[in-house]
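As structure tokens, the structure follows; a few thoughts come after it.
Readers should treat all values here as calculations from the given coordinates under stated rules, not as data from a laboratory. Note that the structure is predicted; figures quoted are calculated from it, not measured. Quick reminder, even Gly has a Cβ in these numbers, built from the backbone with ideal geometry, and neighbours come from all protein chains shown.
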Amino acid sequence: MSKSKFKNPVVKWIDHRLPVFSFMDHELNHYPTPKNLNYFWNFGSLAGFALVTMIVTGIVLSMNYTAHVDYAFDSVERIMRDVNHGWLIRYIHMNGASFFFIVVYIHIFRGLYYGSYKAPRELLWILGVLILLLMMATAFMGYVLPWGQMSFWGATVITNLFSAIPLVGESIVTWLWGGFSVDNSTLNRFFSLHFVLPFVIVGVVILHLVALHRFGSNNPIGIDVKGTQDTIPFSPYYTIKDLFGLSVFLSFFAAAVFFFPNFMGHPDNYIEANPMVTPAHIVPEWYFLPFYAILRAIPDKLGGVLFMFGAIAVLFILPWLDRSSVRSSQFRPIYKIFFWILLLDCILLGYLGAMPAEGIYVILSRIATAYYFFHFLILFPLLPFIEKTKPLPFSISEPILGGAATASAMATREKK
Amino acid sequence: MIKYSSKLFSNGILKLFLSLIIICFSSVSYGAGEKINYPQLNWSFSGILGTFDRASQQRGLQVYKEVCSGCHGMRLLAYRNLKAIGYNEDEIKAFASENSVSTINDDGEVIERPARPSDKFVSPYPNDKAARSANGGAYPPDLSLIVKARPDGANYLHALLTGYIDAPADKKVPDGMYYNKYYSGNLIGMPQPLYDDGVVYADGTKATPDQMAKDVTAFLAWASEPEMEDRKRLGVSVMLFLLLLTTLSYFAMKQIWAPIKKQ
């Protein structure tokens, strides 16, 4: 610390004792980033923005919300009608959950397409899957809070899944509910957990970022950064690109909030929860539908639960399931095709999750579920044995390559 | 490097992603079960710039008051809210005072006093059980959120209110039930509420069942979403701001990246 890079004496004084400014300068300003990132790399920062938005609006909402079965529904309506701009805060929060999942799902499929989970980024990926899991728990409990019909019956269906656990299942469900049905104690604990889990997510996001900054971002061609000629400082190049991406994201988000605020919700949730009346079709929020389809595809209750959680579990071990050392799909002609099949499969599962569990929908759910697990458990480990990958470029800055350079690049990769 | 990213986009992968997202949403129609098609009306409040028709809302309030309120409450609405559909304070005071609410006086006795603008709409029954008992077991739902609480709510409501026809010969209609072509299962506990000249409109509009159904739907749509006009108005400004921000940040990005792209 002989010569500080900061001119402002106060900043200099603080930074000498507590180097937060050096840290920010290093991680947000100079942070070397591959120069070939495409727009799919915008979704990480968008997810961060969505998380902050959810926390800020959520805290404001909690100031006006009453977690009691007799008052919850009316307190939400009071927010919508009597609290100044309460409708805006609530619609941002409500639609924000959907947009958070859209952004995160694109972020995950980006990782799958470009092999971002491969060495040395395995822990980065695993922390990401953990964030997804925490988000799902948080979103599920948040949906219960307005205490509408779908809140109540969704909570009943999902918590009942745990009763499939042999021997202790029923006791676990009673323990989760804090009673013998979804009731006031359930609502209270869900509110408490819905408030606290986002801060756990923030903690895991910080670890996710620490792991990211260890090796830096992956990139569309998936080869390692070879030197400074391959990178550019994060600021101003990616700060401005993230700002542009944020503006586009906000345009979609605002269109939903102001003009179609209930498009992604369910009308039944504007009917107050009634334990005596079961809705004709109980459907979870759209972002859970693929998992819901897997759950219902398996004829056995315990089996369904295991497969549903298994669909997330395979993501945790993906870095070791995929035996190919080539990251980007651009150089994996066969995997590239299967990637799009997997994406379509997940969308099909989402569609099937919204349909009643009968007739052709059940058969399709089973086929789609089988493909999902085939893709992760069989295709990922075995494909590298039959797939001939395309030659990798020598470096990010020299994507056009001569034969010799390619051979040496391949050799370098093989050694790893 | 630019080669790779631009190639990616010329491949249309982004477009594909976006269209998949849209498919993903439209798949979530939850539309299982028998599908009944309601006539699709052209409501003044639909669309991104749509606003409520004040005259229609006021007529709708009259229909609610004279026809619906005998059985259906609107517990989330306060009399003061009627200011938003064009009534002044004296009118609201007079309207509220036609109802009475029970309160406790200084001697601890339960007494009745006229409702004030700050009171919520007084429900016709003291509790759910009384409501069921008075209606042959069928519960007349509260109407505060009815348009939001039904898929395609406004069209559904209008269709339901005008959907009473004679039952087909092969259909048995039990006592206390009525036949409605738009109700799920066709048998509804609510008798046909709207008949020609069921109310007398002060503005001279002819009170046909269709007209009354449209008016009361306009009123109830507002009751479900009283913030709608503010929301859309603010939305237009926000969208214009975001358009500007997107444009500016796009050109700023292009300028900042120019030297990198040239390499």
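Averaged across A:240-246, how many Cβ atoms of other chains sit within 10 Å of each residue's Cβ atom?
On the way: counts 8, 6, 2, 7, 10, 3, 4.
Averaged over the peptide's residues, the number is 6.
Counting partner chain Cβ atoms within 10 Å of every residue's Cβ in A:167-177, what's the average?
Details: counts 0, 0, 0, 0, 0, 0, 0, 0, 0, 0, 0.
That average works out to 0.
Under the Karplus relation 6.51 cos²θ - 1.76 cosθ + 1.60, θ = phi - 60°, what is the ordered set of whole-Hz ³J(HN,Hα) values for region B:99-112, x standing for Gly and Pro?
Taking θ as phi minus 60°, the curve returns 10, 10, 10, 8, 8, 10, 7, 5, 8, x, 8, 6, 10, 9 Hz for region B:99-112.
Where does the charge balance sit around A:Phe21 when Lys and Arg score +1, Asp and Glu -1, over other residues with C-beta under 12 Å from its C-beta? Can you show the working numbers first?
Numbers: positive: A:Lys5, A:Lys7, A:Lys12, A:Arg17; negative: A:Asp15, A:Asp25, A:Glu27.
Around A:Phe21, the surrounding residues sum to +1.
Using a Förster distance of 30 angstrom, determine the FRET efficiency expected from the C-beta separation of A:Phe374 and A:Glu170, and round it to 0.05.
E(calc), rounded to 0.05, equals 0.30.
Quickly rank B:174-184, B:195-205 as a protection proxy: mean count of other C-beta atoms within 10 Å, highest first.
B:174-184, B:195-205
Contact order normalised by length for region A:93-174, with contacts defined as Cα pairs under 8 Å and 6 or more residues apart; what percent is it?
Numbers: 28 pairs, mean separation 10.7, N = 82.
Value for region A:93-174: 13 percent.
Using the structure shown, select from A:Lys336/B:Lys232; B:Lys148/B:Lys181; B:Lys93/B:Lys232; A:Lys12/B:Lys254; A:Lys241/B:Lys148; B:Lys129/B:Lys206 the pairs with a Cα to Cα distance greater than 32 angstrom. Walk me through the numbers on the way to the answer.
Values: A:Lys336/B:Lys232 43 Å; B:Lys148/B:Lys181 21 Å; B:Lys93/B:Lys232 30 Å; A:Lys12/B:Lys254 34 Å; A:Lys241/B:Lys148 39 Å; B:Lys129/B:Lys206 37 Å.
Those over the limit are A:Lys336/B:Lys232; A:Lys12/B:Lys254; A:Lys241/B:Lys148; B:Lys129/B:Lys206.
May I ask you to evaluate 6.51 cos²θ - 1.76 cosθ + 1.60, the Karplus curve with θ = phi - 60°, for each residue of region B:130-146 and list the ³J(HN,Hα) values in order in whole Hz, giving x for glycine and proline?
Along region B:130-146, the couplings run 4, 5, 5, 4, 6, 10, x, x, 8, 9, x, x, 5, 9, 4, 10, 4 Hz.
For A:Gly148, what residues show an amide H to amide H distance below 5 Å, using hydrogens built from the backbone and excluding near sequence neighbours?
A:Ala273
Could you let me know the centre-to-centre spacing of region B:96-125 and region A:147-225, using Cα atoms, in angstrom?
Measuring centre to centre over Cα atoms gives 45 Å.
Would you grab the residues whose amide H sits under 5 Å from the one on B:Val101? Only those 5+ places off in sequence or on another chain, please, with H modelled 1.01 Å from N.
For B:Val101, the qualifying residues are B:Arg113, B:Ala115.
HN-Hα J couplings of region B:188-200 from phi, Karplus 6.51/-1.76/1.60, θ = phi - 60°, integer Hz, Gly and Pro as x?
10, x, 8, x, 3, x, 10, 10, 3, 6, x, 10, 10
Helix-derived [θ] at 222 nm for chain A: sum -39500 (n - 2.57) over DSSP H runs of at least 4, divide by residue count, nearest 500? Mind dumping the intermediate values first?
Values: 17 runs with 260 residues, N = 416.
Estimated from H runs of four or more residues: -20500 deg cm²/dmol.
Across peptide B:221-229, how many C-beta atoms of other chains are within 10 Å of each residue C-beta, on average?
On the way: counts 0, 0, 1, 3, 5, 4, 9, 2, 0.
What the average comes to for B:221-229 is 3.
Reported to two decimal places, what Rg/Rh ratio describes region B:80-211 when computed on Cα atoms with Rh from the Kirkwood expression? Could you put the intermediate results ahead of the total?
Working: Rg = 18.8 Å, Rh = 18.1 Å.
Rg/Rh: 1.04.
Considering Cα pairs under 8 angstrom that are at least six residues apart, work out the relative contact order of region A:20-415 and quote it in whole percent.
On the way: 477 pairs, mean separation 90.2, N = 396.
The value is 23 percent.
Using the Cα gyration tensor of chain A, with a ≥ b ≥ c the square roots of its eigenvalues, what is the shape: rounded (a/c below 1.5), prolate (a/b larger than b/c) or oblate (neither)?
Numbers: a/c = 2.20, a/b = 1.32, b/c = 1.67.
Here chain A falls in the oblate category.
Counting other Cβ atoms within 10 Å, which chymotrypsin sites (Phe, Trp or Tyr not before Pro) in region A:66-125 have at most 13 and lie in a DSSP loop? Could you put the intermediate results ahead of the total?
Details: sites: A:Tyr71, A:Phe73, A:Trp87, A:Tyr91, A:Phe99, A:Phe100, A:Phe101, A:Tyr105, A:Phe109, A:Tyr113, A:Tyr114, A:Tyr117, A:Trp125; in loops: A:Tyr71, A:Tyr114, A:Tyr117.
Answer in residue order: A:Tyr71.
Quote to one decimal, in nm, the extra length available between A:Met63 and A:Ser192 on full extension: 0.36 nm per residue of separation minus the C-alpha distance between them. Present the calculation step by step, with values, prior to reporting the outcome.
Numbers: separation 129, 0.36 × 129 = 46.44 nm, distance 1.31 nm.
Between A:Met63 and A:Ser192, full extension yields an extra 45.1 nm.
For region A:229-352, just say rounded, prolate or oblate: build the C-alpha gyration tensor, square-root its eigenvalues into a ≥ b ≥ c, call rounded for a/c under 1.5, and beyond that prolate if a/b exceeds b/c, oblate if not. Could the numbers behind the result be given before it?
Details: a/c = 2.83, a/b = 1.26, b/c = 2.25.
Oblate shape, in that a/c is at least 1.5 and b/c is the bigger or equal ratio.
Pull up all non-local amide H partners of A:Ile232: gap of 5 or more, or a different chain, and H-to-H distance under 5 Å with H placed in the peptide plane.
For A:Ile232, the qualifying residues are A:Thr33, A:Lys35.
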